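In what follows, a structure is listed as structure tokens, so that the remarks can point back to it.
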Amino acid sequence: MTKIVNHWIGGKSVEGASGNFGPVTDPATGAVTTKVAFASVDEVDAAVQAAKEAYLTWGQSSLAQRTSILFKFRALLDAHRDDIAALITAEHGKVHSDALGEVARGLEIVDLACGISVQLKGELSTQVASRVDVSSIRQPLGVVAGITPFNFPAMVPMWMFPIAIACGNTFVLKPSEKDPSASMRIAELLAEAGLPEGVFNIVHGDKVAVDRLLEHPDVKAVSFVGSTPIARYIHTTASANGKRVQALGGAKNHMLVLPDADLDAAADAAVSAAYGSAGERCMAISAVVAVGAIADTLVDKIRERAEKIKIGPGDDPTSEMGPLITKVHRDKVASYVEGAAAEGCEVVLDGSAYTYEGVGFEDGHWIGISLLDKVPTSAKAYQDEIFGPVLCVLRVDTYEDGVALINASPFGNGTAIFTRDGGAARRFQLEIEAGMVGVNVPIPVPVGYHSFGGWKDSLFGDHHIYGNDGTHFYTRGKVVTTRWPDPSEAPAGVDLGFPRNH
């Protein structure tokens with residue numbers, strides 16, 4: 001019997017009423033294992049209404065109450081991390097260890113939310129004028145929404161809702177319809193932790209659900225992570241409807257390798273950053289920029305390591321890389337490799353025809369490791385965000401040429417430099433046009449108390465996600481100027497007992 005994933009509204013599972021469902025497949029077998037209900041406009045409205053009603057009390061709740069619940073949720077999430085990782089593997093396809101890592105990174109933001117009282121402290125200036133004080137405070141927005149991608153079905157929602165609800169908002173999540181079960185399990189754990197009904201809600205669906213959230217008058221802010229075209233649409237549409245928006249888009253992350261770098265360390269980093277999670281992450285390194293004569297040696301070292309990666313089902317402990325999320329996506333990724341040679345690339349490794357040998361896995365969304373060398377910037381494999389296990393190597397003569405090439409990209413999510421030269425690394429930090437920079441670190445995803453976000457076409461909106469920016473995004477500032485009369489100035493005939501000898 002096919003499993004059904006319904007919505008989560010008002011603290012409980014609510015059966016879909018639209019009659020529309022989407023398929024959820026096991027990427028390793030290609031079999032449809034689950035159907036997910038797609039929300040109608042009315043169902044989205046019901047979730048927003050539940051959140052709006054819950055906000056009347058949650059928005060006035062004490063910081064102690066909110067953080068107490070979040071501490072309980074954190075303990076439950078920690079205890080059930082293996083279960084959540086198994087759901088991710090079953091619907092996304094990534095290997096279990098990678099799924100566990102995803103949950104761990106989400107836990108970082110829950111940790112941050114548990115300490116939100118520090119982030120929400122206001123400011124006070126006394127005696128700005130005679131007996132006049134000025135204070136700054138931050139208050140929640142109301143109902144906020146999150147629209148999240150398939151590649152991190154647990155982590156990315158946890159980049160959003162823990163901080164949002166810790167700040168006093170209520171939340172409506174629209175997760176990816178390709179792997180919805182992890183978010184539902186998280187909702188159950190929130191309820192078990194004692195989160196009041198309606199504070200956290202989930203509606204599944206497609207563009208109908210997304211558009212309703214973007215236009216709904218009671219939704220005050222929208223957070224999004226996904227591709228650049230959709231991020232631009234989310235930002236434009238939600239902003240036109242008067243909402244605060246943070247929309248994180250796609251990437252083409254470069255790794256600049258200087259001639260003095262430890263090439264073994266650089267090759268290790270390139271392989272893990274390019275092929276981990278099958279390349280389905282916005283911080284994957286998809287372009288290595290080799291400076292000078294090291295290129296041949298570096299490519300050889302990358303190839304040697306890449307050829308040893310074991311591809312297989314995500315629930316096999318020996319697998320290092322799993323299948324891609326859907327067959328359509330698998331075929332699209334393969335097309336970049338199949339057309340690479342005609343565009344001037346040297347195909348060092350071609351994984352486009354890879355199949356996994358095993359009974360029952362014949363229809364899985366399998367693809368192998370691909371490595372392209374001497375890639376021109378005109379090639380589609382370089383220009384597009386492939387979101388798969390394809391690594392491009394570009395060659396330049398100098399550091400300056402490498403920086404110019406990277407800065408010419410329309411994307412500016414993350415980038416890295418590998419070098420032993422501190423001066424070169426310092427220049428790179430200042431000169432490169434990207435929001436996150438790694439120095440001998442291939443995937444510079446910030447820890448929870450620093451914010452995540454890119455530049456250029458990788459971010460639409462003014463706020464990065466989580467960290468201090470997350471707190472600011474989910475609250476609005478208010479400045480209060482206060483003047484109280486001195487008790488000595490009390491009306492005649494009234495004695496407040498205040499000493500008059502001053």
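So here's what we get for this one:
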| quantity | calculated |
| --- | --- |
| Inter-label distance for Arg420 and Ala265, nm, one decimal - labels placed 7 Å from Cα along Cα-to-Cβ | 0.9 |
| Label-point separation in nm, Asp397 to Lys308, each point 7 Å along Cα→Cβ | 3.6 |
| If the convex hull is drawn through the Cα atoms of region 1-56, its volume per residue in Å³ | 89 |
| Using a Förster distance of 60 Å, the FRET efficiency for Glu489-Trp455 (Cβ separation, nearest 0.05) | 0.65 |
| Residues whose placed amide H lies under 5 Å from that of Thr25, excluding near-sequence neighbours | Thr33 |
| Inter-probe distance in nm under a simple model that places probes 7 Å from Cα toward Cβ, at Val445 and Glu53 | 3.7 |
| Over region 1-65, relative contact order from alpha-carbon pairs under 8 Å, at least 6 apart, % | 31 |
| Accessible-area composition of region 143-262, carbon plus sulfur, in percent [1.4 Å probe] | 54 |
| Two-site FRET efficiency, Thr33 against Thr126, from Cβ-Cβ distance with R₀ of 45 Å, rounded to 0.05 | 0.10 |
| Under-5 Å amide H pairs with Leu459, H placed in peptide plane, nonlocal only | Gly249 |
| Contour minus Cα-Cα distance for Val328 and Asn20 (0.36 nm per residue) | 108.8 nm |
| Amide N proximity, region 180-209 versus Lys3 label position 7 Å along Cα-to-Cβ, cut-off under 19 Å | 180-192, 202-205 |
| Members of Lys252/Lys456; Lys52/Lys178; Lys121/Lys243; Lys35/Lys207 lying beyond 19 Å, as alpha-carbon distances in this model show | Lys52/Lys178; Lys121/Lys243 |
| Estimated 222 nm signal from helices in the chain, with DSSP H stretches of n ≥ 4 weighted -39500 (n - 2.57), rounded to 500 | -11000 deg cm²/dmol |
| Translational diffusion coefficient (Stokes-Einstein; Kirkwood radius from C-alpha pairs) of the chain at 37 °C, 0.692 mPa s, in µm²/s | 135 |
| Nearest-10 value in Å² for the accessible area of Arg426, using the 1.4 Å probe | 150 |
| Taking all pairs of distinct alpha-carbon atoms in region 136-266, Kirkwood radius in angstrom | 16.1 |
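The values are calculated or read from the model by the stated rules, or taken from the named source; none is laboratory data. Keep in mind the model is a prediction, meaning the values are calculated, not measured. A quick note on method: Cβ atoms are made from the backbone with ideal geometry, for glycine too, and the neighbour counts reach across all protein chains shown. These accessible areas exclude ligands, DNA and RNA; they are computed on the full protein's heavy atoms, side chains included. Shrake-Rupley method; radii C 1.70, N 1.55, O 1.52, S 1.80 Å.
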